[in-house]
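Here the structure comes first, spelled out in structure tokens, and everything after it is commentary.
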Amino acid sequence: MIAIINFVYLVIILKNSQYLYRCALLSIDHGLLTTDYIMFSDEYFMKMAIREAKVALEAGEIPVGAIIVSQNQILTRAHNQTELLKDVTAHAEMIAVTAAANNLNNKYLNDCTLYVTLEPCAMCAGALAWAQLGRLVYGASDEKRGFSRHQPNVLHPKTAIISGIMEIECSELLRSFFDRLRAKIN
């Protein structure tokens, strides 16, 4: 019987302010060496948030997804659950913040990044301020209920904000949801 032995090693390279992980897999028995690059960028993590938004969409919820990341590790994933829980505060961001705080056993998330498909509302932004979130990255802007329209200074002063990451994809999910909702009403 031939034993298959695999060795995996990681080399971390800082490139353009993003972590690039070079992963090489060596399979001794086959004499193969393959190299694969995985970039943990804002786009990479926003894709994970979009997956969560699609889960919400399938459940009949407004398609908003969120993940919280610390040191390139996903701590929690969440999506809107206001209809399921009959709770107006069950926004993806609120659920994600609660789960991340429990995961870390700490109410402060100053070393964390929240990736969310839609700009947080004033309620969620207030929770992010209290959690002292380190970084907020969102896709689509919310022209009607977004915190930047109503309370632009609500976040913690040290929270870095990045908007517009995969904005088209995030906006399309929301647009298609509301188009279908309007079609049902008419």
>> List the residues, sorted by chain then number, that are 5 or more residues from G65 or on another chain and whose placed amide H is less than 5 Å from its amide H.
In response: A53, T117, L118
>> Give me the one-decimal nm value for the distance between modelled label points at S171 and L104, 7 Å along each residue's Cα-to-Cβ direction.
In response: 3.1 nm
> Which residues in the range 166-186 place their backbone N less than 13 Å from a point set 7 Å from the Cα of E43 along the Cα-to-Cβ direction?
Replying inline: 166-169
>> With every protein chain left in place and a probe of 1.4 Å, what is the accessible surface of S41, to the nearest 10 Å²?
In response: 10 Å²
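How big is the equivalent ellipsoid of the range 52-186 along its three axes, where each semi-axis is √(5λ) from the Cα gyration tensor, reported in whole Å from largest to smallest?
Semi-axes (√(5λ), whole Å): 24, 16, 13.
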>> Give me log10 I(q)/I(0) at q = 0.14, 0.17, 0.21, 0.29 Å⁻¹ for the range 120-162, Debye formula, one equal scatterer per alpha-carbon, no solvent.
In response: -0.25, -0.38, -0.58, -1.10
> Where both partners of a DSSP beta bridge lie in the range 81-186, what percent of those bridges are antiparallel, to the nearest 5?
Replying inline: 10 percent
> Using the alpha carbon gyration tensor of the range 38-104, what are the three equivalent-ellipsoid semi-axes (square root of 5 times each eigenvalue), largest first, in whole Å?
Replying inline: 21, 15, 6
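The values are calculated or read from the model by the stated rules, or taken from the named source; none is laboratory data. The structure displayed is predicted, hence computed values, not measured ones. For neighbour counting, all protein chains shown are included, and Cβ atoms are generated from backbone atoms with ideal geometry for every residue, glycine included. Please note that ligands, DNA and RNA were not included when accessible areas were found on the heavy atoms of the full protein model with its side chains. Shrake-Rupley method; radii C 1.70, N 1.55, O 1.52, S 1.80 Å.
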